[in-house]
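The values are calculated or read from the model by the stated rules, or taken from the named source; none is laboratory data. Note that this is a predicted model, so its numbers are computed, not measured. Neighbour counts are summed over all protein chains in view; Cβ atoms, including those assigned to glycine, are modelled from backbone coordinates with ideal geometry.
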C-alpha cells in the first residue's frame, strides 16, 4: 500500500509483516529523494558515517528499484475521488475520513494523489482491514466518512469485522469503491458486478446500515453511484451524481421497523385483551414511540411475542438490546449502570410506599379510645386538681390532722365529689350559703367543669358514631418498622435498595418487605388495592390510583411524605448504544416537553388504565355510616348509660338509708 510521508496522514496498521515494513521504508526513502528535497537529503546522507552507507547501499538499491515500479502502478490508479467526497462534505460536514483497504491484500483503491487530495481539508486515517478496532475506532462518530476498498472476489463475511468496529453506529456514511471499471468491462462482467453490488447492499440491509453507497473506479465517466432502499422491499438503486449521496435518513427511514419489547410495567405500557379477544397495546410510552415512528416514517415491530401479563424485566430487555434483537425498550428506567444508550429525560418520579389506610376503631373501644386521648388527659387533670384543692381547703382550718386521715379525706372528695361532678352526676356535698367565697367559687367551677366534660364526652361519642375514627397513620420509617404491615416489592426493586438507602435503614426495612416474584400478581394486587399489604410504586402510578380512589366511598391507601426510597429519579428510555434514534428521539421528547404533550399524556394515564380495565370497577368495601340512628345503633351506649344510672340510683338510696340510720343512732346516744 503506497503511503505518503506527509504529516497530515495518520497510519494505523497492526498486522504489517517485516517485508511490508521494508517496502514501506523504501518507498518513503524514494519519495524523500524526489523533488526539491533531494539536495537536502544528499547533504544529510553525506554527513553520515561512510561505513553505514557502504553496508546499506546494496539494500537501498534493491528497495529503490521495487519502490519505483510499485509507485508507477499507483500513479495509474488515480480515480479523482475528491470530487464525490467534496459533494458529500457539502451535504454534511465530514469530520474524519477512515480509509480501509481490501481484505488480505496490500493494494489500496486510492493512490497517494487521492489521499493527498482527501487530506487537504480532512483528517485521514488508514486502517488495515484485519486490524483490531479497539484503538482505530475509539473516536468514531456519525460525522465521519468510511471508505472501504472492495476486492475483485467479494465476500460479504469479509465485512463483519468492519461492522463490529462501528459499534452499532448505523448512520455512519460509508462508501464502497470497487476495483473494477464498469464502462470498460463486457456485458457479462457488468451483470456479475451488479450481482456483487446487490450482494453487498443486501448484507448492509441485513446489518441495518442506513448510509451506504458504492462507486466504481470510473464513476465520473459512468455518472452514477449505487445505493439501496428498504421500503416497501429491498431494491437496488442507481442514482445520478447530481442526487444527494447521504440524505438524513433518520428523518425518513422509509418504513424501517423499529424493533422494541414492552416491559408491561403499569402505567407505562399496557397490554390487554378487548371484548373480542384481540390483544391491545396502549399506554404512555406507546404514544411516544408511535408518534416517533410516524415522524420518521417508520413502523413498530415486536420481535418477542407480546402476551398480556408476561412481564419482561429490565435485565432481559437490556440483553436483547446488546445482542441486537431490539432497538429500543418500550419502558423507562433510571438505572444508568447498563452499557446501553438513553434518551432525554421523560419524567422525574419518586419511588414511594403506598400504605393501607388504618382500620376503623370498633364501637366497643370508642370510650376507651377517648379516655386514652387528650379528652382523658383533661379528665384526669380536672379530677386531681379539684380533689387536691378541695382537700386543702377543707383541711386548712384544721391545725392537726394525721396523714391517714388526710388520705381518706382526699379519696372521699375525689370519688364522691369531684368524679360525680365531672361525669355529670349529683354530689352529696352540701355547700351552705354562709360558706366562704372560696369554697362556693370552687364548687361552682367544679359544676361548670362537669357540665363541660360530660357535654364533650357525649359530643365525642356522637361524632365517632357518625364519622368513625381510625387508628393513627404511619408517617415515618420507624413507625413502619414497628407496625405489623408487610410491604410487597418486586425482585428488581429489592436489588436496588442497597444503592439508594443507607445500610442501617435497609437492614431494618427488609424486615417488613416481602419480595413478590410474580410481577403480574404484584401489579394486580396493587391496582386492585388489596388492603392486606403495602406496596412500593412510582409516583406516576400513585397519581392514577389516587384519582381512582377519589371516586370510592372512602380512601383505601395513602402516601406519607417521610416514607420513600428516593425522589426525583430521571426516567429515560433505554436503547442500543450509539443508536441512530438517540438524537432524534431525544429532540422529539424535548419538543413534547415544550408544548406540554408529555404532561397531557401523563394525565391521560388514568384514562388508559380504565380503558385497559386495569382498575377494579366492582369494588365492594365497607360503606360509611349514613342515615338515621335508632336504638340498635346505641346498644352498648344505652347499656353503659343504663348500668351507670342504676348504680347511681342504688347508691343514692343507700346513702339516704345510711344517713337515716346514722341520725337514729345519734338520737339514742345519752346526753351528758
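Only residues that are out of contact with any strand residue (DSSP E or B) (no Cβ under 9 Å at 6 or more places or on another chain), under 23 Å from residue 334 (Cα atoms) and without any contact (Cβ under 8 Å) to a residue 40 or more places away in the chain were counted in region 514-541, giving 2.
Residue 160 falls short on exactly one of the conditions (1) modelled with pLDDT of 80 or more; (2) surrounded by 14 or more Cβ atoms within 10 Å (Cβ to Cβ), and that condition is (2).
Scanning region 327-367 for residues that are over 22 Å from residue 267 (Cα atoms) and touching a strand residue (DSSP E or B) at 6+ places or on another chain (Cβ under 9 Å) yields 338, 340, 341, 357, 358, 359, 360, 361.
The single residue among 626, 616 that is assigned to a loop (DSSP other than H, G, I, E, B), at pLDDT 65 or above and within 55 Å of the chain's Cα centre (by Cα) turns out to be 616. Filtered by the rule that a residue be surrounded by fewer than 21 Cβ atoms within 10 Å (Cβ to Cβ) and within 13 Å of the chain's Cα centre (by Cα), region 321-341 gives 334, 335, 336, 337, 338. Report yes if some residue within region 201-221 is touching a residue at least 24 places away in the same chain (Cβ under 8 Å), under 30 Å from residue 610 (Cβ atoms) and either in contact with a helix residue (DSSP H, G or I) (Cβ under 8 Å, 6 or more places away or on another chain) or surrounded by 13 or more Cβ atoms within 10 Å (Cβ to Cβ) (or both); otherwise report no. Scanning region 201-221, I find no residue that is touching a residue at least 24 places away in the same chain (Cβ under 8 Å), under 30 Å from residue 610 (Cβ atoms) and either in contact with a helix residue (DSSP H, G or I) (Cβ under 8 Å, 6 or more places away or on another chain) or surrounded by 13 or more Cβ atoms within 10 Å (Cβ to Cβ) (or both), so the answer is no.
Taking every residue in region 493-513 that is under 19 Å from residue 538 (Cβ atoms) and pairing it with any residue that is at pLDDT below 80, at least 6 positions away or on another chain, the pairs with Cβ-Cβ distances below 8 Å are 496/335.
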